[in-house]
Amino acid sequence: MTDHRPYFFLSYAHTPGTGGQDPDMWVQRLFTDLCNHVLAMTDLPAGTPAGFIDREIRSGEGWSERLGEVLATCRVFVPLFSPRYFASEMCGKEWFAFAQRAIQHQARSNRPAEAIVPALWVPVPPDQLPGPAERLQFNHRDFGNRYVTDGLYGLIKLRIFAEEYERAVYELAKRIVSVADGTRISPGRAVDYRLAPAAFGTPRSGPRPMQVTIAAATRHDLPEGRIPDYYGDVPQDWNPYFPLAARPLAYVTEDLVRSLNYQPTVTSFDEESTAYDAKQPPDRPQILLVDRWALQDEDRRQRLAAFDAEHRPWVTMIVPWNRDDHQSRAAEAELTAKLEATMPSKMRQGRAACRAAAKGVPSMEAFGQLLPQVVEAAAQQYLRHAFIHHPPVGGGHLERPRLTGPVASDYGTTRYIPESHPSAPDAEDPDDRHP
C-alpha cells in the first residue's frame, strides 16, 4: 500500500514584517525547493504533498487541529534553527509534539527513532542551543562549509552563493528521504497543540535536573504467583505496559523528561530510600514511579510509608497500571487499597493531573499525556521549597533564603493548560495549605 503521508514538516519561526513585504517569503521558497527534490527522489503519487508548512493552512481551517494532525502523521520533522526559533513557544510546541511521538515509537519497538533533521536557517552558537537541539547527532558540514557559516538564509539571499544554496537544499532533501525511509516512524495520536508544552523551556544558564525514581519489584523478589514478564533483574527494568511496549518504562520516562529540556537521573527506590534526609532542602524535583505489586514486600512497603509521611511536595507520584494485565486487573481492588493505606499523602497531593497519575495510568499513551503535567507540578513545588537559611556571620540576623541548586530563572516553568480548560489544574493546590 502506498504511503501518502507527507515526508516532512518544516518548522520555522515567523519573522515580524516590515514595509508590507512578506518576511517569510524565503522560507516558502526553501519549502518549495525541498518539495521538488523530495518528489523527484520518491515515488509519491501526483497530488500527494511532499512536505507541510503552516502557510498552507487555509483560512477558516482550525490551525491547532491541522497542526496536530500533520505532526502526528509526518515522517520527518525539519526545524529551521535560528535564535528566533528557540525563543518561539510555538516552535517549542511543534518540537515537543513530534518528539513525544518518536519516543512512543521507540518504546513500542525498542529501536531508535531519530527522525528530526535540523537545518540551519541562521547559524546559532552551540552554547546557545537548548538541550533537545544540542543532543541531536548531526553533522551540518555535510551540506557545505558556506552553509555552516551563513545558513540557508545567507545562501538564499546572496546570488553569489546560489550554487552553495542548491547543494545544501539537495543534500537536505536527500537526508529527509533517507531518514524517513530508514526510520519509518509510525503515526501517532494527534496532540492538542494548544495544550502542548514547549520543548525549550525558558532561557537558562545552567542545567535543570530532574530525578526519576522507580519503586518496583524485580524478577528475583516477586510476590508468589506474580507473572515475571513485566520485570527484569533491577527495578529500572520494570515494563508495566508489556507487551505493547518493548522498552522499560524508566528509560521511556527519561526520554520524555529530557524532551522537556530537563536533565533526568534514573534511580531505584530500593537504592535511594536509605539516603533520604527530610531535614535537608531538595536539590531537584522528583518523579516517583510506583508498581503497586512492589508493596507486597513488607520491608519496601514500610519504607514507602515512611517516605510518604515526610512532607516532600516536590516529589510527584505516578502509578502505571496496565489495563491489559489480567493479573493486575484481578487484584486491583486489593492493591489499590494497600497503596492508599501506605501512601495517603501522595495519593491526594497536588493538582488534578497529579491525583489522576497517582490513581493509575492505564496505557503508555495516557502516561505520555500526563507526564508533562506531573513534571511541571514537581518543578513548581521544588521552587517553593528549595530554600535554606544560612547561619549569620558574626551574629545578627539570618541572611535571606537562597535557592540551592539551579537558580529560580533556570527552573522557570510555564503552565500550558488554560485555567478554563476542562482538564485544567485545580485553582488551589492542597500543598499550599500544608503546615
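The values are calculated or read from the model by the stated rules, or taken from the named source; none is laboratory data. Computed from a predicted structure; not experimentally measured. Virtual Cβ from ideal backbone geometry, glycine too; neighbours counted across all protein chains shown.
Structure values in brief
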| read-out | value |
| --- | --- |
| First in segment 214-229 and under 15 Å from Asn322 (Cβ atoms), second anywhere and assigned to a loop (DSSP other than H, G, I, E, B), Cβ under 7 Å, 6 or more apart | Ala216/Trp238; Ala216/Asp291; Ala217/Tyr231; Ala217/Asp291; Ala217/Asp297; Pro228/Arg219; Pro228/Leu222; Asp229/Phe242 |
| Filter result for Ile227 (hydrophobic (A, V, I, L, M, F, W, C) and surrounded by 24 or more Cβ atoms within 10 Å (Cβ to Cβ)) | no |
| Selection within segment 58-88 - part of a loop (DSSP other than H, G, I, E, B) and either modelled with pLDDT of 95 or more or over 22 Å from Trp26 (Cα atoms) (or both) | Gly60, Glu61, Gly62, Ala72, Thr73, Cys74, Arg75, Ser82 |
| Verdict on Ala366 being among the small types (Gly, Ala, Ser), touching a residue at least 40 places away in the same chain (Cβ under 8 Å) and within 16 Å of Val257 (Cα to Cα) | no |
| All positions within segment 149-164 that are over 31 Å from the mean Cα position of the chain (by Cα), assigned to a helix (DSSP H, G or I) and of a type in the set (A, V, I, L, M, F, W, C) | Leu155, Ile156, Ile160, Phe161, Ala162 |
| So Asp127, is it more than 26 Å from the chain's Cα centre (by Cα), farther than 16 Å from Ala72 by Cα, part of a helix (DSSP H, G or I) and at pLDDT below 90 | no |
| Check on Arg55, at pLDDT below 95 and not aromatic (Phe, Trp, Tyr) | yes |
| Index of the failed condition, Lys338 passing every other in (1) modelled with pLDDT of 95 or more; (2) buried (at least 20 other Cβ atoms within 10 Å of the Cβ); (3) farther than 19 Å from Glu254 by Cβ | (2) |
| Tally of residues being at pLDDT below 90 and closer than 25 Å to Ala198 by Cα across segment 140-167 | 1 |
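One line per residue, one yes/no per condition, for (1) out of contact with any strand residue (DSSP E or B) (no Cβ under 9 Å at 6 or more places or on another chain); (2) of a type in the set (S, T, N, Q); (3) within 27 Å of Pro223 (Cβ to Cβ); (4) not in a helix (DSSP H, G or I):
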position: Ala341; (1), (2), (3), (4): yes, no, yes, no
position: Ala356; (1), (2), (3), (4): yes, no, yes, no
position: Phe367; (1), (2), (3), (4): no, no, yes, no
position: Pro372; (1), (2), (3), (4): yes, no, no, no
position: Glu376; (1), (2), (3), (4): yes, no, no, no
position: Arg384; (1), (2), (3), (4): yes, no, no, no
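A quick yes/no check of all residues on (1) surrounded by fewer than 17 Cβ atoms within 10 Å (Cβ to Cβ); (2) more than 30 Å from Ala199 (Cβ to Cβ); (3) within 27 Å of the chain's Cα centre (by Cα); (4) among the aromatic types (Phe, Trp, Tyr):
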{"position": "Asn239", "(1), (2), (3), (4)": "no, no, yes, no"}
{"position": "Leu244", "(1), (2), (3), (4)": "yes, no, yes, no"}
{"position": "Thr253", "(1), (2), (3), (4)": "no, no, yes, no"}
{"position": "Arg258", "(1), (2), (3), (4)": "no, no, yes, no"}
{"position": "Asp270", "(1), (2), (3), (4)": "no, yes, yes, no"}
{"position": "Gln280", "(1), (2), (3), (4)": "yes, yes, no, no"}
{"position": "Ile287", "(1), (2), (3), (4)": "no, no, yes, no"}
{"position": "Asp299", "(1), (2), (3), (4)": "yes, yes, no, no"}
{"position": "Ala309", "(1), (2), (3), (4)": "yes, yes, no, no"}
